[in-house]
Each structure stands twice: as structure tokens, then as C-alpha cells.
Amino acid sequence: MNVDQCVHCGLCLTACPTYEATGLEMESPRGRLVLLNNWAANANFQSRDAAQWLDDCLDCRACESACPSNIPTGHLVEEWRSTVPLGTANRRLLLGLSQAVGSPRGLKRLQRLIRIGQNPLGRWALSKLGSLLSIATGDVLDGLPPSILPGLSRESLTTNMPNADTMMFVGCIMDAVYNQSNEHTAALLRLAGHTVTVPSNQVCCGALHRHGGDPATTRRLAKANIKAYEATGAQQVVVNAAGCGTTLKEYPTLFESGSEWHFRAISFSRAVRDVIQTLAERPLAQLTQQSTTITVHDACHHTAQNLNQSTRALLERAGFSIREMPNSTRCCGSAGVYNLTHPSMGRTLAQQKVSDIPPETQIVAAANPGCILQIQAGTRHYGRNTVTVRHPIDLAYDAYRAAGYLGGVADAT
């Protein structure tokens, strides 16, 4: 690992959520770079404390935006995680997730389990199971939407439409938990004049696996998605989850430079676009201003893609007035499965995020499923029960449907 470029300037400190929460140098990006260097150089340094400080990294990438030396600290931590044994809760959880999110069949099982967790008895049972596995399932269950429609979004959207200009990437959690958001995404894309195809053989993007130190599985999933895209002949791959979008755009880094899969990944990554970007290129009609008060949480991986202003532009075009949130780019503590495996830090960051929600706000817009879950749970834990967390696409869809531009998903298809 090459960490020698760090000049220890400290510009990363205020960008790092874990350092801000603890004040510990070893919980900062530059501290972790020192740890990584020592870990690689001296086996005697490979202690439990050092491993914990490294594994506490959220991989939010905020430090990378602040770093004048452009050190990819997040990727370096990912590489480190791939070298340590599958002994921590984070890695054990990933083994189960590989089965759950790696196929439509696994996603259906996951959806059934989550729906069980929406009733009190089921929630109690899953919380107890999580406690036995050292996983904070209860926190995530508190953030679930009131109801989840049975069935995956790909089942209602799947089409191998020839000559479609857009392949829609449905993801895994978006496919199983926020399936209506995927349907709304397809409807808005069609309203903007795009023809949409949703291949049934697409799979999870692999973000959870890569962040958790399982690049081999991420590589396998990447190949499947690249093949699915190539078979469509589409000009772009549109995604509505910030974390998925970043991973999809970084597929070339998974493969050896100059290899066949590297070149295929480059072509794929150049086609990937967030739905916010795509809708900005063909702006929808300007709607009259609404009375609903909303604020925006900027998901870490939206910030990494420079999409924050585009998100606001879409919402304002849909008629929403935005009340800015202090520290809107600060990580909410979800970070893939981080809120499950690091509940203490996850709760600290969730509480900070909830405290930043401006008074009288009715809705928080967040463009990543993990963020929606985490912040919604936080509002219920920390005294903001009247606040709802929703995807910007859902807000835009409701606004355009109310204005008569959409007659429902079925009509849009």
C-alpha cells in the first residue's frame, strides 16, 4: 500500500465523521494511513486495536475530496479489509449478504424476511437474532417504510425492449425494499423522452462486498452487469442509488489494466449515469411552488459524483422549496452495512444528522437507500417522528403526477 504521499496537513480531519465524533487521531484519515503503513511493515503492529481503528472507517470518501495529495484512503482501507480474516461481524455479515443480494431469488428471500420485520413479533425475533450475531438489526428495522409491496421491481419493469436508449439499473435494496422508487424512476425517464429497458439478468453492483473487503465477489458481479449492459445495446446505464452509481463508475479499477475486462469495464463505466444527471439533461417542466418544506441530505457518494446541486435543481423544478441542512454532506452513519456492524458509531452519526434537520422540516430528501433507512430510524429514535425521509425521485414523481404529467406507473410503461 502506498501511503507515503500523505503530508499530514490535517485538511482531512474536519471532513472525517469518525474523527469529528471521537477526536482520536487514529480515527482520522491521516491516522489510518499511518496505521496502514505500520500494519504492512511490521507484523507485531497488527493488534486488535489497530484493526478496530481501521475497520471503523466509513469509506465515505469525504477525506478524498479534501486531500490535496488525492490519496484514495477509502480504497486503501478496502484493500486492507480484503487481507484480514473473515472474523469480524462485518465480514461474517458479508457472507450472508452475498447469498441474499447476489440473485433475484436471494433478494426475494431477503424481502420476505424484511417484511416479517415490519410486524412487532417479527421485529422482536429479528432483533434478538441480530443481537446473537452482534449485528444491530433493530436499528435498521426502525427505518423501514411503513409497507413494502411484495415482489421485486424488476418483475414489473423487466423488458428486453430492442433499441432502447437507456438500461435502468435496479440494484438490490432498491429492487427489494424501495421497489416503488424504481418504478417511479422508470416513469420519470420515460416522461423525459427516454426508452427504457430493464434486463432481468442484472445483479447487485457489488458495493457492499467491495467496501467490506471482498473484491472477488465484486468482480464477479461486475462481469455479470457488464454482460447485461452489452446485450441491451443501450447508450446509457441509469442508476438511482448513489452508492451503486459510484461503484458502477469505478468498475475499471477492479480489473488488471490492459486486460479485456478492463476495456469492457471502461466502456461500461462511461455509460453509467445517475438518474439526476440524466433528468438534468432533458429538464422536465417547471411546476408551481408547493407548500411542503423539505431539506436535502447529500449522500456521501452523491457528493463524490458532484451531484448535490443537480439534486436541488430537480427538486426545485418539481416545485419544492428547499431549506438547507447544516452539514448536509456529513455521513449519516449508514455506509453500506456499517450501521449494522458498528452500531455505536452509527447511532452517534445518526443523532448528529437528525439534530441538523432544520426546524419545521416535513421531508428529508436522500438519494441512497442506506441513507433513507438510517435517517428515518434516527428521526424515530431522536425525537423527530413527524419527519419523513424519501428519495428525491419519489418526491419529483409525486409532484409531476399531481400536476397531471403522469397517470401512474402502468400508464408510463
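The values are calculated or read from the model by the stated rules, or taken from the named source; none is laboratory data. Quick caveat, the model's predicted, so the values are computed rather than measured. Here Cβ is always computed from backbone atoms with ideal geometry, including for glycine, and neighbour counts include all displayed protein chains.
So Arg270 fits all but one of (1) closer than 21 Å to Arg384 by Cβ; (2) surrounded by fewer than 19 Cβ atoms within 10 Å (Cβ to Cβ); (3) within 21 Å of the chain's Cα centre (by Cα); what number is the exception?
(1) is the only condition that Arg270 fails.
Got a number for residues in the range 351-392 being free of Cβ contacts under 8 Å to residues at least 60 places away in the same chain and either in a helix (DSSP H, G or I) or crowded, with 24+ Cβ neighbours inside 10 Å (or both)?
Counting residues in the range 351-392 that are free of Cβ contacts under 8 Å to residues at least 60 places away in the same chain and either in a helix (DSSP H, G or I) or crowded, with 24+ Cβ neighbours inside 10 Å (or both) gives 6.
Go through the range 313-348 and report how many residues are in a helix (DSSP H, G or I) and either farther than 15 Å from Leu395 by Cα or assigned by TED's automatic domain parsing to the domain that holds Gly212 (or both).
Of the residues in that region, 10 qualify.
Within the range 160-167, is there a residue that is surrounded by 24 or more Cβ atoms within 10 Å (Cβ to Cβ) and outside the structural domain of His301 (by TED's automatic domain parsing)?
The answer is yes, given that some residue of the range 160-167 is surrounded by 24 or more Cβ atoms within 10 Å (Cβ to Cβ) and outside the structural domain of His301 (by TED's automatic domain parsing).
In the range 43-82, what residues are touching a Pro at 6+ places or on another chain (Cβ under 8 Å), closer than 12 Å to Gly213 by Cβ and of a type in the set (Gly, Ala, Ser)?
Within the range 43-82, Ser82 is the sole residue that qualifies.
Considering (1) touching a residue at least 40 places away in the same chain (Cβ under 8 Å); (2) over 27 Å from Val77 (Cβ atoms); (3) not in a loop (DSSP other than H, G, I, E, B), say which one Ser310 fails and leave the rest.
Here Ser310 meets the rest and fails (1).
How about the range 218-237: which of its residues are within 18 Å of the chain's Cα centre (by Cα), assigned to a helix (DSSP H, G or I) and touching a residue at least 60 places away in the same chain (Cβ under 8 Å)?
Of everything in the range 218-237, just one residue is within 18 Å of the chain's Cα centre (by Cα), assigned to a helix (DSSP H, G or I) and touching a residue at least 60 places away in the same chain (Cβ under 8 Å), namely Leu221.
Considering only the range 37-58, state which residues are part of a loop (DSSP other than H, G, I, E, B) and modelled with pLDDT under 90.
Asn42, Gln46, Ser47 - these are the residues of the range 37-58 that are part of a loop (DSSP other than H, G, I, E, B) and modelled with pLDDT under 90.
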